[in-house]
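Here the structure is laid out as structure tokens; the discussion comes afterwards.
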Amino acid sequence: MPEIEASAATHLWSRLLEAFAAQIPEQSLLTWIQPLTPQRLEGSLLYLAAPSHFHREWIEGHYIERMEVILCELCGEQIRLRFEVLARNEEIAAHEGNTKPAQSAKKRLTAQRMMPQINEASGGQPRLAASLSESRLNSRYLFDNFIEGDSNSFARAACLAIADTSHRSPWNPLLIYAGTGLGKTHLLQAIGNHVVRRDPKARVLYASSEKFTQDFIESVKNRATTDFSQYYRSIDLLLVDDIQFFAAKERTQTEFFHAFNTLYQNGKRIVLSSDRPVNELAGFDERLISRFGSGLVTNIDPPDYETRVAILKERAEEDKFPLSNEVADLIATHITNNIRDLEGVYVTLMARCQLLKLPPTRELIREIIRDKTGHVAGRPPVEKIQEVVADYFHLPVEALRGKSRKKEIVFARMIAMTLMTELTPHSLKTIGNFFGGRDHSTVIHARDTINNLRTDNDQSIIDTFQALERRLSLCTLKGSNGGYV
Ligand code: ADP
Ligand code: MG
């Protein structure tokens, strides 16, 4: 759709320009980069217009690689640049459009960043392109590319049910809470995309609580608070991300409370996300807290090993990047708690392999993991995990494999089992075997008990895990075990 292609290109170009401005001298930016104009985004190709053949060759010879690396980091996927040289009259028009409003690169960046704060209600027939941009939805986040696992299946099902209901939802509002990088934004956006695709006329709005706050402040400044209230109250489906940022913003909370109530009373769907459970939201009006918790509340846990591998494989398939099982395993073994970090390692790997024409060697992956997390990549064998855990709890390693039901031994055993489910690719049954032939259900019970404590932010468990993970990384660093991958 041409409108989407053009506006996506402009948006992406302004982000690229902003990031690139920090990397090159202002003069080079003004001379070479600023005269380029975004044309369209076609799949993974961003088309830019250059004012002359010479200009184009200069960019291709000097800047293109760095720009593509930035694009890859911004988008999480490989976007290539393509240049077109404008015909003379188009060139003049493009130049005028480019230089008139701003003299310096900095000014131009500011101008490009200024987006309309509140979109007008469109009176005519809204089309998908308009709906998507009005809704502030990113078409990348879909249910189709959201990988389901034990950790997120309930949240996903609840979101899908809300997206599929065109009338009053049985659970309103829906609140999803989860740590960072576990898929909250993805799910909220997927609901919006699903609804808009089925009914482009539906008034869907995705807003982070920060954006809501900014819009509100802007409306106060412009004496347009009535427009603001009317706008937010005219929505059919309101998606508000990261509500924890409303904390201690009293006026914004009051405004949100009123918008919320109007929508709620009119049976409109509301979906919220938070990085913590409702009862831990500090700095909130009690009325809001009770509204937030009055519908369905669900959480997303960190993904298990299989889900992590499946997410990597799905991304690689989307990008047509040949990701071997061994490489996926190595990444998924080391990045356990945050899908954004998991994707970060993958994207960097893909960028380095494709742009610098490097093969995905273990050394390269280790280096990327080390850079991103400070951890050393390598998979500790089961014996090492048992040894390190036993040592940490001052127990003989045989105690973990033995029959004792003593409290402290059972606890250490549960920790070792949980670590093994995260750090090794072994099945639950195999892991049970490493602990004196215990049943797979014992491993499940251990993992769930320990993970519940972690989710409840039990500080001593969190510290224990950090210490154990550090020790296991150090073992790898010393190369004390030649068997590491
Ligand atoms: P949050 O909002 O919870 O911080 P995001 O929704 O931004 O996390 O997710 C971080 C990244 O991980 C995004 O690129 C998202 O697409 C991806 N992601 C998260 N969960 C999944 C999943 N289950 N399947 C596929 N990708 C996922
Ligand atoms: Mg988010």
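So here's what we get for this one:
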read-out	value
Order by protection proxy (mean Cβ within 10 Å, highest first), peptides 227-234, 309-316, 384-391	384-391, 309-316, 227-234
Alpha-carbon Rg/Rh ratio, for region 136-299, with Rh computed the Kirkwood way	0.94
Enclosed volume per residue, in Å³, of the convex hull spanned by Cα atoms of region 305-373	75 Å³
At 0.692 mPa s and 37 °C, Stokes diffusion of region 315-436 via Kirkwood alpha-carbon radius, µm² per second	205 µm²/s
Nonlocal amide H pairs with ASN299, under 5 Å, H built at 1.01 Å	TYR177
Listed pairs LYS184/LYS429; LYS184/LYS211; LYS320/LYS429; LYS403/LYS429 exceeding 27 Å between Cα atoms	LYS184/LYS429; LYS320/LYS429
Debye equation applied to the C-alpha atoms of region 219-311, log10 I(q)/I(0) at 0.25 Å⁻¹	-1.40
Among 180-193, 425-438, the order from most to least packed when residues are scored by Cβ within 10 Å on average	180-193, 425-438
Shape box of region 419-459 [Cα atoms, principal axes, largest first, Å]	30, 18, 12
Burial order of peptide ranges 260-266, 334-340, 236-242, 353-359 (average beta-carbon count within 10 Å, highest first)	236-242, 334-340, 260-266, 353-359
Per-selection Kirkwood Rh - region 381-475 (Cα, Å, 1 d.p.)	13.1 Å
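The numbers here are math on the coordinates, done by the rules we state, and not lab data. Owing to the predicted nature of the structure, the values given are computational and were not obtained by experimental measurement. Positions of Cβ are backbone-derived with ideal geometry, glycine not excepted, and every protein chain shown enters the neighbour counts.
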